[in-house]
Amino acid sequence: MVLRSAAAFCIAPLLLSGCIKELFQGETNVLRPEIIKVKGHTDNPKPPAKELCPVPEGPAGKQETPQQTGKPCPPVEQNLLPQQLSPQSPEQLMPVLPPSPKLPEKPQSSIPVPPRPLAAAAAPAVSCGDSVLTEDVTWRGEVLVSGVVTVAPQATLTIGPGAVVRFAGPEGLLLVEGRVAASGTPEKPILFTSRFAEPAGGDWRGIVLLGSEKKNLLENCRVEGAETGLDASFSRVTLNNVSFARCTTGARLQDTVVAGNGGGASGCGVGMSLVDSDAELRDAVFSGNRWGVVAERGSLSLAGGAMTGNGSAGVKGANSRVKISGGRFAANGTGLTLTACQGTVSGCSIAGNGECGLVLAGSRVKVHGNEIAKNGTFGLKVEDGTGAAWGNSFAANGGYDLYNAGAEDFRAMGNWWGGTPAAEVGKRIYDRDADSGRGRVFYLPVLKERPATIP
């Protein structure tokens, strides 16, 4: 029906033109209809009616096709568009975008996730919501913290042996502006944890020391399932046999002085992070973390202890003073990575790490009296000549015992190379002999026996 109306609309001017001619035949004093002419954008005459292709209706209101009528059918645009409009190029036409592909829906598991079971716990002897402790307080037994408990600057919170302090939600926090003294015993340690049977990092926020330069003490304690087990800023704290487990960060210390004996961290993203802090740790064990200890712009003293199974590195130091002695670094991604540091690494066993045993970059570090063996890629990797290595044992490292990645010469005289003859030691070293752009490694003389002081 639309086409019939269009056809009728196009024929009407032709019929009207014929009527006008009959009306003015024989009149000489009037304008002839031929000069009454409206000009549009084009002077092309309109198509004659015979070129139109109306589609008549057939029986029962059905439209007939051009094949049934026998009439020629011009292009569709001649029927639907005025002739004065020039055909448009495809670039002028708005493109029709294809429908957006329907993303596959994520399959929904039909198996419901069971709720995490809560830990079996006795009825709490102390329950705390959001509160401020303005006087000295002692916690014993089972303690439930449901909000933020703040220890005011003039107050001391004492926690007795065997106490279990549970934090009820992710906002659970112990904020210490005064002093905390949590003194457990080996037989009755103190536990800081969440309410779940198997705590996970982020179950609660942690213990925060903020501007507390008093004698804060955590002794024979275990902190688990926190976002940051201990977060200390501008404070002083002593950690004796304190372990952090399954926390996002075990301990984060900024502008803080910390002394620790024993303890350590396991199952954390970062075992201990030190920023602008002074830390002295003895016999601490950091295992199964992504990073063991990360120190930046401070001083780090590590004596004894072990760094094992940390995915990226046992120790990562940057712009720090380091004194690392007598420790064991094994089965980490890299044992130690020191960048722009100064100090010593001595008397350590650095063996069996997946990549490098020890990496020095821009570090004035003395490396002596260590076992550096059976590391996956390199025993010792250096990037310049600011450090030096002597009196060590290099043996059976996967790629090279010593790899010079820089253009400066490195001094590594007086080491034992696992019994390799002096003439063959050069094959275990990567330097200018392998790449003219590298510095040399001075390794002669070679020790004939393994030093007795090496662990």
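The values are calculated or read from the model by the stated rules, or taken from the named source; none is laboratory data. Since the model is a prediction, treat every value here as computed from it, not as a measurement. FYI the Cβ positions are ideal-geometry reconstructions off the backbone, even for glycines, and counts take in every protein chain you see. Ligands, DNA and RNA are excluded from the accessible area calculation, which covers all protein heavy atoms including side chains. Shrake-Rupley method; radii C 1.70, N 1.55, O 1.52, S 1.80 Å.
Just checking, does segment 282-301 include any residue being in contact with a strand residue (DSSP E or B) (Cβ under 8 Å, 6 or more places away or on another chain), at negative phi, among the aromatic types (Phe, Trp, Tyr) and open to solvent by 40 Å² or more (accessible area, probe 1.4 Å)?
Among the residues of segment 282-301, at least one is in contact with a strand residue (DSSP E or B) (Cβ under 8 Å, 6 or more places away or on another chain), at negative phi, among the aromatic types (Phe, Trp, Tyr) and open to solvent by 40 Å² or more (accessible area, probe 1.4 Å), which makes the answer yes.
For every residue, the table says whether it meets (1) part of a strand (DSSP E or B); (2) touching a His at 6+ places or on another chain (Cβ under 8 Å).
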| residue | (1), (2) |
| --- | --- |
| Gly311 | no, no |
| Gly317 | yes, no |
| Thr337 | yes, no |
| Thr344 | yes, yes |
| Gly357 | yes, no |
| Asn375 | no, no |
| Gly379 | yes, no |
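Checking Ala197 against (1) under 19 Å from Leu157 (Cα atoms); (2) at pLDDT below 95: exactly one of these is not met. Which one?
(1)
The conditions are (1) closer than 18 Å to Lys323 by Cβ; (2) of a type in the set (Lys, Arg); (3) crowded, with 18+ Cβ neighbours inside 10 Å, and Arg438 fails exactly one of them. Which is it?
Of the numbered conditions (1) closer than 18 Å to Lys323 by Cβ; (2) of a type in the set (Lys, Arg); (3) crowded, with 18+ Cβ neighbours inside 10 Å, the odd one out for Arg438 is (1).
In segment 390-425, which residue that is within 12 Å of Tyr443 (Cα to Cα) and among the small types (Gly, Ala, Ser) is least open to solvent (accessible area, probe 1.4 Å)?
Ala412
Take segment 211-265 and flag every residue that is within 21 Å of the chain's Cα centre (by Cα), open to solvent by 10 Å² or more (accessible area, probe 1.4 Å), within 19 Å of Val148 (Cα to Cα) and not charged (D, E, K, R).
Correct list: Thr228 only.
Please go through segment 144-163 and give me each residue that is buried (at least 22 other Cβ atoms within 10 Å of the Cβ) and either in contact with a helix residue (DSSP H, G or I) (Cβ under 8 Å, 6 or more places away or on another chain) or outside any loop (DSSP other than H, G, I, E, B) (or both), ordered by number.
Passing the criteria: Val145, Val149, Val151, Ile159.
When you scan segment 404-415, how many residues do you find that are under 10 Å from Gly439 (Cα atoms) and of a type outside the set (D, E, K, R)?
5
Can you tell which of Pro114, Pro170, Pro101 is at pLDDT 95 or above and part of a loop (DSSP other than H, G, I, E, B)? Break it down into steps so the answer makes sense when it comes.
Values: Pro114 fails: at pLDDT 95 or above; Pro101 fails: at pLDDT 95 or above.
None of the other options fit; the residue is Pro170.
Do we find that Ala434 is part of a loop (DSSP other than H, G, I, E, B) and over 26 Å from Ala306 (Cα atoms) in this structure?
Working: part of a loop (DSSP other than H, G, I, E, B): yes; over 26 Å from Ala306 (Cα atoms): yes.
Criteria met by Ala434.
Restricting attention to segment 322-345, and to residues there that are open to solvent by less than 20 Å² (accessible area, probe 1.4 Å) and of a type in the set (Val, Ile, Thr), which single residue is nearest to the chain's Cα centre (by Cα)?
In this case the residue turns out to be Thr334.
Look at segment 296-345 and say how many of its residues are more than 15 Å from Arg282 (Cβ to Cβ) and among the small types (Gly, Ala, Ser).
Residues that pass the stated criteria total 15.
Among the residues of segment 187-202, are any over 28 Å from the mean Cα position of the chain (by Cα), more than 22 Å from Ala265 (Cα to Cα) and either outside any strand (DSSP E or B) or in contact (Cβ under 8 Å) with a residue 40 or more places away in the chain (or both)?
no
Inspect all residues belonging to segment 255-262 and state whether any of them is touching a residue at least 12 places away in the same chain (Cβ under 8 Å) and within 29 Å of Ala452 (Cβ to Cβ). Give the derivation first.
Residues of segment 255-262 touching a residue at least 12 places away in the same chain (Cβ under 8 Å): 255-262.
The next check asks that each one be within 29 Å of Ala452 (Cβ to Cβ); those that pass are 261-262.
Looking for residues that are touching a residue at least 12 places away in the same chain (Cβ under 8 Å) and within 29 Å of Ala452 (Cβ to Cβ), one finds at least one in segment 255-262, hence yes.
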